[in-house]
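Scroll down for the structure; my scribbles are underneath it.
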Amino acid sequence: MTSETGALADLPPSPAVWCSGLRKRYGRRTAVEEVSFTVARGEVLGLLGPNGAGKTSVIKMLLGLVRPDAGEVLLLGRRASDPRSRSAVGYLPELFRYQPWLTPTEVLDLHVRLARADVTAAEREECLALVGLAGRTGDRVGGFSKGMQQRLGLAVALVARPELVVLDEPTSALDPVGRVDVRDIVLSLKARGVAVLLNSHLIGEVERVCDRVVILDRGRVAASGTLAELLGQREVRLRLAGVDGAGEDRLRAAGSLNRSGDWFTVQLASEDDGVTVPDLVRDLVGLGVRVHAVEPVRISLEERLLAVLRHDEPEAAPR
């Protein structure tokens, strides 16, 4: 192996998605304007925005289904114009239909052949079981509800062991159990190093599974970042009794402190690892402080999204 080859081998893997300056017009209407972002390997990125914000147009440009008027796209290190870039991509579109006379097994068989993927029959059965269709493999798709078809579409997206999965409204027709199933599947993909691009109107689902979020508004990136970056600092309100000087010192050690009567508000760092509050309560009790209430205070992703779209900044509220 040459030194140059060795140096290349030491380079980190390319992002699963890299796009820069995407622009798309339909007649006089600008659907997408100067959109740029990346999705790292093993990362879940959420795409948020109102109807007409350009989310689906961006997804179609990433996958080569629509040609951008300007900008560049790389998928898994290859240009999107190269068909090989999509060989390891799984895609669940927002609107899709399968031949009603086929069974789920036959649908997967067809897509495995189209993808020219080496997927055994046992793996296909496991994929159907993963999305909750183990008992319906021989039924005709024409008799499926929209939720069952949504599950089948997810199986099609996952069957060829993709390195990047693009999900466009994957839970739109699912009941609460189905939504939890999709959430668990997304988290399992992330744990295996698979990148996921998730477009969803269900903000709670995005908040639960996504590492980063891109908010689109009128075809442009209005905000982007990790949830901690977008939501800002967190606070915790505690109703306490018997607080002496040592207790106040311990509260200040956790963050900036404000007091109003027997309510103490501590501002926490956005990168808090989740142990600050439990440790604080434990130490206060150890100091003889009586803890009557602990209330986390943080702006929600929904509030942040509305603030971005309305061009204002909401105040944090308890939740």
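The values are calculated or read from the model by the stated rules, or taken from the named source; none is laboratory data. Remember, predicted model here, so these are calculated numbers, not experimental data. Ideal geometry is used to build each Cβ from the backbone, glycine not excepted, and the neighbour counts take in all protein chains shown.
Cβ separations smaller than 7 Å between residues 6+ apart or across chains give no pair from region 124-153 residues that are farther than 18 Å from Asp175 by Cα to residues that are among the basic types (Lys, Arg) and surrounded by fewer than 15 Cβ atoms within 10 Å (Cβ to Cβ).
Look at region 53-75: where a residue is buried (at least 20 other Cβ atoms within 10 Å of the Cβ) and a partner is acidic (Asp, Glu) and outside any loop (DSSP other than H, G, I, E, B), sitting 6+ places away or on another chain with Cβ atoms under 7 Å, you get Ala53/Asp217; Thr56/Asp168; Ile59/Asp168.
Do we have any residue at all in region 48-62 that's touching a Ser or Thr at 6+ places or on another chain (Cβ under 7 Å) and within 17 Å of Val166 (Cα to Cα)? Full working, then the answer.
Of all residues in region 48-62, those touching a Ser or Thr at 6+ places or on another chain (Cβ under 7 Å) come to none.
There is no residue in region 48-62 that is touching a Ser or Thr at 6+ places or on another chain (Cβ under 7 Å) and within 17 Å of Val166 (Cα to Cα).
Of Leu189, Leu174, Leu154, Leu167, which residue is farther than 15 Å from Cys210 by Cβ and in contact with a strand residue (DSSP E or B) (Cβ under 6 Å, 6 or more places away or on another chain)?
Details: Leu189 fails: farther than 15 Å from Cys210 by Cβ; Leu174 fails: in contact with a strand residue (DSSP E or B) (Cβ under 6 Å, 6 or more places away or on another chain); Leu167 fails: farther than 15 Å from Cys210 by Cβ.
Just a single option satisfies the conditions, and that option is Leu154.
Could you count how many residues in region 76-89 are part of a strand (DSSP E or B) and surrounded by fewer than 20 Cβ atoms within 10 Å (Cβ to Cβ)? Summing the residues that are part of a strand (DSSP E or B) and surrounded by fewer than 20 Cβ atoms within 10 Å (Cβ to Cβ) in region 76-89 gives 2. Pairs meeting the criteria (first residue in region 78-97 and within 11 Å of Glu163 (Cα to Cα), second residue of a type in the set (Phe, Trp, Tyr) and exposed (fewer than 13 other Cβ atoms within 10 Å of the Cβ), beta carbons under 7 Å, at least 6 apart or on different chains) are lacking.
Identify, please: which residue in region 15-47 is among the basic types (Lys, Arg) and in a strand (DSSP E or B) and is, among those, surrounded by the fewest Cβ atoms within 10 Å (Cβ to Cβ)? Checked region 15-47; the qualifying residue surrounded by the fewest Cβ atoms within 10 Å (Cβ to Cβ) is Arg29. Taking region 178-229 as the range and being within 8 Å of the chain's Cα centre (by Cα) and among the polar types (S, T, N, Q) as the test, only Asn199 passes.
Taking region 271-319 as the search range and keeping residues that are among the charged types (D, E, K, R) and in contact with a Pro (Cβ under 8 Å, 6 or more places away or on another chain), which one is modelled with the highest pLDDT?
Glu295
Kindly indicate which of Gly46, Gly52, Gly77 is out of contact with any His (no Cβ under 8 Å at 6 or more places or on another chain) and at pLDDT 90 or above. Write out each step before concluding.
Numbers: Gly52 fails: at pLDDT 90 or above; Gly77 fails: at pLDDT 90 or above.
Answer to the selection: Gly46.
Can you tell me which residue in region 120-149 is farthest from Ala88 (Cα to Cα), limited to those that are surrounded by fewer than 18 Cβ atoms within 10 Å (Cβ to Cβ) and hydrophobic (A, V, I, L, M, F, W, C)? So the residue we want is Ala134.
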